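The values are calculated or read from the model by the stated rules, or taken from the named source; none is laboratory data. Remember, it's a predicted structure, so these values are computed and weren't measured experimentally. Cβ sites come from the backbone with ideal geometry, for glycine too, and all protein chains shown count toward neighbours. Protein only, heavy atoms only, side chains kept; ligands, DNA and RNA dropped before computing areas. Shrake-Rupley method; radii C 1.70, N 1.55, O 1.52, S 1.80 Å.
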Amino acid sequence: MAGERTSHPAPVVRLIVPNARREVLILRRAEPPALGLWCLPGGKVEYNETVEGTVRSELREETALECQDARFLFYQDSLAREPGTMHCINLYFECSVAGEIEMNAESSNWAWIGPADLDEYEIAFGNDEGLRRYWESRP
């Protein structure tokens, strides 16, 4: 996404997959943009695809997990850092899932992290801000 040039904001889904320990699944990027950085599963909503369809297809494509339920949490603007680069409207969803994690070529590793672990990872796409907001809203 970084480096892409657009003239309008792009809707992007960001998928928070929690486990029983309040940890969240993150993926390490194996491809540009943000090569080597960590992020939540997700991606752009393509033309003529629903947001719910994108949630399910991105989760399946990136992790092989099946979304059993998705709940919208909040949105986050990620404004273009340089003129003409991508402005994303991140739509955060919490997903309950079934299956075993299998990464596609976009990722080189995965991890479960909790609030205390966040600063140990270099997080891309402003997902660290979204994760902080998510954990702050949970008892």
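Numbers for the structure displayed
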| item | result |
| --- | --- |
| R0 of 30 Å, Cβ-Cβ distance Asn109-Asp77: FRET efficiency to nearest 0.05 | 0.55 |
| Estimated 222 nm signal from helices in the chain, with DSSP H stretches of n ≥ 4 weighted -39500 (n - 2.57), rounded to 500 | -5000 deg cm²/dmol |
| Size of electric dipole in the chain: Cβ of Lys, Arg +1 and of Asp, Glu -1, about Cα centre, debye, nearest 20 | 280 |
| Accessible carbon and sulfur surface of the stretch 31-139 relative to its total accessible area, %, 1.4 Å | 49 |
| Spin-label model distance (nm) - Asp117 vs Arg133, 7 Å beyond Cα toward Cβ | 2.3 |
| Residue among Leu37, Cys95, Val55 farthest towards the positive dipole end of the stretch 13-117, charges placed on Cβ | Leu37 |
| Residue-normalised accessible area of the chain, given per residue in Å² at a 1.4 Å probe | 55 |
